[in-house]
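See below for the structure under consideration.
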Amino acid sequence: MKRSYSDKIFDIVNIGIMIVLLIVFVWPLWFVFIASISEPNAVLRGEVLLFPKQINFKGYERILSYQMILKGYANSVFYTVVGTILNMVMSILLAYPLSYRSFGPRKFFNWFFIATMYFSGGLIPMYLLVRGLGILDTRWAILIPGMVSVYNALIIKNFFMNSIPQELQEAATLDGANAAQYLWRVVLPLSKPVFAVVGLYYMVGNWNNYTKALYYIYNEDLYPLQSVLRQLLISSKLVHDLVMTAEEMAEAIEQAQLMQYGVIVVAALPMLCVYPFVQKYFVKGAMLGALKG
Amino acid sequence: MVRTNTKKVSLLERIKIDIRKHWILYVMLMPVVIYFIIFEYYPVYGLTLAFKKYNAKLGIGGSPWVGFKHFARLFKLHSFPTMIRNTLEMSLYSLVVGFPIPIVFALMLNYVENKKLKKTVQMVSYAPHFLSTVVVCSMITMFCSKDGGVFNVFRNLIGMESVSFLSVPEWFKDIYTWSGVWQGMGWSAIIYISALAGVDPTLHEAAIVDGATKIQRMWHVDLPSIKSTIVMLLIMRMGSIMSVGFEKVYLLQNSLNYQESLIISTYVYEVGLLNGDYSYSTAVGLFNNIINLSLLIATNVFSKKVLDESLF
């Protein structure tokens, strides 16, 4: 009797906290969205909290006519698509030999890669390397540094080792398949869930990265969307860029305010749209990423 | 090793045989190994710059040695204590707040019986993880703004004055930490949620028969079952205690909160890429790395002895 009473209180409190959390997670995103389609003055006065006011799409129209944003968007799509393909190919090339049980130097290479997780050259040696290779201020400077994440590659390796029955390899070998054929015909088709998760990790990382551009890119034409966004919103370049005369100041600030929220929606949307589809694999992915090497 | 001796096959011979047998695997691994040598191992050699005076013409190898000069300069720097304090405070604050919250969240979520609510909360809690640092910092900047910022709208509603939060140094660490919790807690909880899913249900059944309440089951059944996961993640976390995220701090930093937001990594960027003081900046970065690595090793030794869990 006493136990069920205490459990009941627990359940009520628990559900209450979960609902509060739900609001805490969702409301800021909802707010950015409704602010992006509301009249900027109403947002400034704090009248937009739960629902949009005086709905209009002037902010989005402004964004669509802003060259830098469009260019940044195209660049980001390029960096994300090409970058993620390179990431995945390299990670599989790393993971597969290390998952092959009879491969002699498996242990050695395992440590060769894992060791790099614990130290790094840091900013300047990396910068000098990028400069020395002549890829500074080119698209390669975004695509090449940080091309393989050992952590992600190990997730793939662990999947190959633990989730693909070893008998398949024996059978394939008996049928005369070599290591490459076995990878192509058996391992890759069976590994879709792990590729979905790791691919998503890489994709999100590529889309959201701004530091590589900050370090290695000076040419604004090569800027990814995140860099454009940083310039617009945080360095508040927006106002200075758009203002022609002092009279337009007030209107420009208002425009900036309106565009701000819209730009955030535009930048965040692609990843927020993708993740729910891969969501079901996350918990699995966390298990696969067993931390021990 | 012993086996090689008895079989009288040299290491070289074994490698030859293995290459003949697995040449496809060697070919596959080759590009990755070359990539790692160039982009991971070579920059480590570049760390020697920390003890040199960089000369662009002579390159890293040819630049003259200067010993510990750059380190001496760092230790004498008058903002050095501030930098260390801020770095430590920020990471300890994030650790103390940010580490347990996902665990508690996972434990509580585990007891939500309504499947729909459970799924919704879980899915929604991941969402902030997919926002970029730039987006999150833009949101923080706007929400904290004095004119029409949401936090100030709420403050005004309860009759308080507006504050430009990011211009007040004292607010910086709270903003940094709690926005981090908001962004990361759902994602960090995943690993605990999956660990909790693996808890032996018979343990719970036995506890229920014994009359345990949900809170008691949480404490005596769930928590011990995920102990090793917790320890493992804690060790990982300790290893990066000095590497407070450059990305976020750099974006939120401004001249007004600089006193509270100056950290080692933003300083490395400032002196390195903005001032072009390559050797000195490398030294500062190296100093940071060494502390990180020592902390990681120390925590690992500690947990091996005390908790019987270790990373390596």
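The values are calculated or read from the model by the stated rules, or taken from the named source; none is laboratory data. Computed from a prediction, not measured in an experiment: that's the story for all the values here. Please note: Cβ atoms are built from the backbone with ideal geometry, for glycine as well, and neighbour counts cover all protein chains shown. These accessible areas exclude ligands, DNA and RNA; they are computed on the full protein's heavy atoms, side chains included. Shrake-Rupley method; radii C 1.70, N 1.55, O 1.52, S 1.80 Å.
Here are some notes:
- Only listed residue being at pLDDT below 90 and more than 8 Å from chain B (Cβ to nearest Cβ), chosen from A:Ala95, A:Ala141, A:Ala196, A:Ala153: A:Ala196
- Within this structure, B:Asn289 fails the test of being more than 20 Å from B:Trp178 (Cβ to Cβ), in a helix (DSSP H, G or I) and open to solvent by less than 20 Å² (accessible area, probe 1.4 Å).
- For the range B:57-81, the set of residues classified as within 12 Å of chain A (Cβ to nearest Cβ) and surrounded by 11 or more Cβ atoms within 10 Å (Cβ to Cβ) consists of B:Gly59, B:Ile60, B:Ser63, B:His70, listed by residue number.
- A:Ala153 vs. criteria over 22 Å from the mean Cα position of the chain (by Cα) and either small (Gly, Ala, Ser) or outside the structural domain of A:Val89 (by TED's automatic domain parsing) (or both): no
- Boolean, B:Met232 is at pLDDT below 90 and surrounded by 18 or more Cβ atoms within 10 Å (Cβ to Cβ): yes
- Residue that is surrounded by the most Cβ atoms within 10 Å (Cβ to Cβ), among those in the range A:98-127 that are over 26 Å from the mean Cα position of the chain (by Cα) and in a loop (DSSP other than H, G, I, E, B): A:Tyr100
- Check on B:Thr141, touching a Gly at 6+ places or on another chain (Cβ under 9 Å), open to solvent by 30 Å² or more (accessible area, probe 1.4 Å) and at the interface with another protein chain (Cβ under 10 Å from one of its Cβ atoms): yes
Per-residue answers, yes or no, for (1) at pLDDT below 65; (2) within 8 Å of chain B (Cβ to nearest Cβ); (3) closer than 23 Å to B:Gln183 by Cβ:
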{"residue": "A:Tyr216", "(1), (2), (3)": "no, no, no"}
{"residue": "A:Arg230", "(1), (2), (3)": "no, yes, yes"}
{"residue": "A:Met244", "(1), (2), (3)": "yes, no, no"}
{"residue": "A:Tyr261", "(1), (2), (3)": "no, yes, yes"}
{"residue": "A:Phe277", "(1), (2), (3)": "no, no, yes"}
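- Of residues in the range B:92-112 being open to solvent by less than 20 Å² (accessible area, probe 1.4 Å) and in a loop (DSSP other than H, G, I, E, B), the one farthest from B:His220 (Cα to Cα): B:Val112
- Test: residue in the range B:257-266 that is within 18 Å of the chain's Cα centre (by Cα), within 22 Å of B:Ser79 (Cα to Cα), in a helix (DSSP H, G or I) and not hydroxyl-bearing (Ser, Thr, Tyr): yes
- Qualifying residues in the range B:188-206 (those that are among the β-branched types (Val, Ile, Thr) and part of a helix (DSSP H, G or I)) - the one farthest from B:Leu95 (Cα to Cα): B:Thr202
- Some residue of the range B:7-29 being of a type in the set (A, V, I, L, M), more than 30 Å from the chain's Cα centre (by Cα), more than 17 Å from B:Thr282 (Cα to Cα) and not in a helix (DSSP H, G or I): yes
- Only one of B:Ser303, B:Ser281, B:Ser261, B:Ser255 that is open to solvent by 60 Å² or more (accessible area, probe 1.4 Å) and of a type outside the set (A, V, I, L, M, F, W, C): B:Ser255
- Number of residues in the range B:144-162 that are open to solvent by 30 Å² or more (accessible area, probe 1.4 Å), among the hydrophobic types (A, V, I, L, M, F, W, C) and either more than 10 Å from chain A (Cβ to nearest Cβ) or at positive phi (or both): the value is 3.
- A:Glu61 vs. criteria within 14 Å of A:Gly262 (Cβ to Cβ) and acidic (Asp, Glu): yes
- Some residue of the range A:183-192 being basic (Lys, Arg), more than 30 Å from B:Ser279 (Cβ to Cβ) and within 11 Å of another protein chain (Cβ to nearest Cβ): no
- Every condition in (1) touching a Ser or Thr at 6+ places or on another chain (Cβ under 9 Å); (2) within 10 Å of chain B (Cβ to nearest Cβ); (3) part of a helix (DSSP H, G or I); (4) not polar (S, T, N, Q) is met by A:Ile17 except one, and the failing one is (1).
- The residues of the range A:20-59 that are assigned to a helix (DSSP H, G or I), aliphatic (A, V, I, L, M) and open to solvent by 80 Å² or more (accessible area, probe 1.4 Å), listed by number, are A:Val20, A:Ile23.
Matching residues to (1) open to solvent by less than 30 Å² (accessible area, probe 1.4 Å); (2) of a type in the set (A, V, I, L, M); (3) assigned to a helix (DSSP H, G or I); (4) assigned by TED's automatic domain parsing to the domain that holds B:Glu170:
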| position | (1), (2), (3), (4) |
| --- | --- |
| B:Tyr42 | no, no, yes, no |
| B:Leu49 | yes, yes, yes, no |
| B:Asn55 | no, no, no, no |
| B:Arg85 | no, no, yes, yes |
| B:Met90 | yes, yes, yes, yes |
